[in-house]
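Engineer: Let me begin by handing over the structure; questions about it come next.
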Amino acid sequence: MKLLCTIDFMEIKRYTDERMASTLKIQSCVLETVHRVFREEGFTQIMPVILSTTTDPLGPDPSASTIKKGEIEYLGQKLVLTQSMILHKQMALMGKLSKIFAVSPCIRLETPDRGATGRHLFEFSQVDFELGGAVMADVFGLMEEVLCEVLKDVKTKCHRDLTLLGRSLLVPTIPFKRFTTHELKEKYGDDWEASASKLAKEPFWVLCHEREFYDREDPKRPGHFLDYDLIYPEGFGEALSGGEREWEFDRLVKRITGGGKSTEEYGTYLDLAKKGKLRPSAGGGFGVERLVRFLTGAKHIKQVQLFPRVPGEEVHI
Ligand code: ASN
């Protein structure tokens, strides 16, 4: 792959820029509020994993765009870099904990063209959470509270930073609107996410999006999925993806193989499912940098990442 070398004075300026300082103060406020709300709601924070025997395959999903998984070899064992903590989140709920979250670094080796979308990074952090015995309505309520609390706190505590960045924010009305991918596709075509996001003034949910094998297929309506995305308004696009989960061995195997993947790499995870150890849950993950991009109104997500990791661009430090 030919990398685009982009270092110039503008690049170097990012480390001393007052806009970057304000952006990072807003990010700090976001993390404080997220931790507060999750704790108040009874969540236990777990530490992220970075190396594993297996990770979220991010597919089968027609919009997935990674080239390959990041891999390292350590003492003869092949390990992969986390793409998301979904499988570990499900396993973390096998014991006494029923609400968990992590602020988790993710590596997704995206194709170089993703650098132009303004919202893709090949290294980012995600707030990843999971609730045992929950259904999608529980996630909607929680996430709407998290986002509204973040907006309120940023508006009051980071007023000067928002002014410096020329950004004004509205706290949306709860509950957020809900659509299905089918109705949005019918209205806007295949690029429904970009079009609907551009026209929206407030965040909204999109339900029933065929994605990874672990998002539950509606047992009453095969071909329909009990999962969801949260979409930011003003064209900022996807904020969160999540779903109710598959946990039963047979269904997991069917979804993995049905999507053309092999069950081999899911050894321990599938063993636990076979022993009946996984339990029903629902959850989701939202990217920290995407949230900060929305809050600051940055045109490109690169503007909110101090050490940028943009697909197609060389890493300088
Ligand atoms: N973290 C997301 C989830 O919980 C998955 C993802 O990031 N692909 O569903």
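Engineer: Hey, got a sec? Which chymotrypsin sites (Phe, Trp or Tyr not before Pro) in the range 269-304 land in a DSSP loop and have at most 13 other Cβ atoms within 10 Å? Intermediate results must be reported in sequence, preceding the final value.
Structural biologist: Working: sites: Y269, F286, F294; in loops: none.
Counting only loop positions with at most 13 other Cβ atoms within 10 Å, none of the chymotrypsin sites (Phe, Trp or Tyr not before Pro) in the range 269-304 qualifies.
Engineer: Continuing with this model, one more query. Determine the distance separating the Cα centre of the range 154-181 from the Cα centre of the range 29-56; give it in Å without decimals.
Structural biologist: One Cα centre to the other: 22 Å.
Engineer: Residues with amide H under 5 Å of F213's amide H, sequence separation 5 or more or different chain, H placed in the peptide plane at 1.01 Å from N; which?
Structural biologist: Distant-sequence amide H within range of F213: G59.
Engineer: For the peptides 235-241, 94-100, what is the packing order when you average, over each peptide's residues, the other Cβ atoms within 10 Å and list the highest mean first? Before the final figure, lay out each step's value.
Structural biologist: Values: 235-241: 21.4, 94-100: 14.3.
Taking the mean over residues of other Cβ atoms within 10 Å, the ranking is 235-241, 94-100.
Engineer: Starting at the first residue of the range 118-123, write each ³J(HN,Hα) from the Karplus equation 6.51 cos²θ - 1.76 cosθ + 1.60 with θ = phi - 60°, in whole Hz, x for Gly and Pro.
Structural biologist: With the stated coefficients, the range 118-123 comes to x, 9, 9, 10, 8, 9 Hz.
Engineer: Moving on. Using packing as a proxy for protection, rank 64-77, 125-138 so that the peptide with the highest average count of other Cβ atoms within 10 Å comes first.
Structural biologist: Values: 64-77: 11.6, 125-138: 20.2.
Averaged packing, sorted descending, gives the order 125-138, 64-77.
Engineer: Taking Cα atoms, how many degrees apart are the long axis of helix 136-157 and the longest axis of the chain, rounded to 10 and kept between 0 and 90?
Structural biologist: Roughly 20 degrees, rounded to the nearest 10.
Engineer: Then there's this: Below 8 Å, C-alpha to C-alpha, sequence gap of six or more: please give me the relative contact order for the chain in percent. Spell out each step's value before the answer.
Structural biologist: Details: 580 pairs, mean separation 74.3, N = 317.
Reported relative contact order: 23 percent.
Engineer: Tell me the relative contact order for the range 184-279 as a rounded percent, counting alpha carbon contacts under 8 Å between residues six or more apart.
Structural biologist: Value for the range 184-279: 23 percent.
Engineer: Something else about it: Please state the shape class of the range 100-238: rounded when a/c is under 1.5, otherwise prolate if a/b exceeds b/c and oblate if not, all from the C-alpha gyration tensor. List each step's numbers first, then the result.
Structural biologist: Values: a/c = 1.42, a/b = 1.33, b/c = 1.07.
Rounded, because the longest to shortest axis ratio a/c is under 1.5.
Engineer: Under unit Cβ charges (Lys, Arg +1; Asp, Glu -1), what dipole magnitude, rounded to 20 debye, does the range 207-268 have relative to its Cα centre?
Structural biologist: Working: 9 positive and 15 negative charges, 53 e Å.
Approximately 260 debye in magnitude.
Engineer: From the backbone phi of the range 174-187, what are the Karplus-calculated ³J(HN,Hα) couplings (6.51 cos²θ - 1.76 cosθ + 1.60, θ = phi - 60°) in whole Hz, Gly and Pro given as x?
Structural biologist: 9, x, 5, 5, 10, 10, 10, 4, 4, 5, 5, 4, 5, 6
Engineer: Taking the solvent-accessible surface of protein heavy atoms with a 1.4 Å probe, what is the per residue accessible area of the range 77-219 in Å²?
Structural biologist: Details: 6470 Å² over 143 residues.
Accessible area per residue: 45 Å².
Engineer: Angle between the Cα long axis of helix 249-258 and the longest principal axis of the chain, 0 to 90 degrees, nearest 10?
Structural biologist: Helix 249-258 sits at roughly 60 degrees to that axis.
Engineer: Write down the percent of antiparallel bridges among all DSSP beta bridges whose residues are both part of the chain, to the nearest 5.
Structural biologist: Working: 41 of 48 bridges.
Antiparallel bridges: around 85 percent, rounded to the nearest 5.
Engineer: Let me ask another. If you count, for each residue, the other Cβ atoms within 10 Å and average over each peptide, how do 115-123, 260-268, 190-198 line up from highest to lowest? Write out the running numbers ahead of the final one.
Structural biologist: Working: 115-123: 19.3, 260-268: 12.4, 190-198: 16.2.
By packing density, highest mean first, the sequence is 115-123, 190-198, 260-268.
Engineer: Now, a different point. So what J values fall out for the range 285-300 if you push phi through Karplus, 6.51 cos²θ - 1.76 cosθ + 1.60 with θ = phi - 60°, rounded to Hz, Gly and Pro as x?
Structural biologist: x, 10, x, 5, 5, 5, 5, 5, 4, 4, 5, 8, x, 5, 5, 10
Engineer: Let me ask something else. Please state the relative contact order of the range 1-140 as a whole percent: Cα pairs under 8 Å, 6+ residues apart?
Structural biologist: Numbers: 163 pairs, mean separation 30.0, N = 140.
Once divided by the residue count of the range 1-140, the mean separation gives 21 percent.
Engineer: Still on this structure, please answer the following. How much of the accessible area of the chain, in percent, comes from carbon and sulfur atoms when a 1.4 Å probe is used? Display every interim value, and only then the final one.
Structural biologist: Details: 8420 of 15470 Å².
Of the solvent-accessible surface of the chain, carbon and sulfur hold 54 percent.
Engineer: If the cut-off is a Cα-Cα distance under 17 Å, which lysines reach K152, setting aside same-chain residues fewer than 8 apart in sequence?
Structural biologist: K25, K201
Engineer: Additional query: Where does helix 18-40 land angle-wise versus the long Cα axis of the chain, in degrees 0 to 90, nearest 10?
Structural biologist: Long axis of 18-40 versus the principal axis of the chain: about 40 degrees.
The values are calculated or read from the model by the stated rules, or taken from the named source; none is laboratory data. The model shown is predicted, which means the values in this text are computed figures rather than measured ones. For neighbour counting, all protein chains shown are included, and Cβ atoms are generated from backbone atoms with ideal geometry for every residue, glycine included. What goes into the accessible areas is simple: the full protein's heavy atoms, side chains included, and nothing from ligands, DNA or RNA. Shrake-Rupley method; radii C 1.70, N 1.55, O 1.52, S 1.80 Å.
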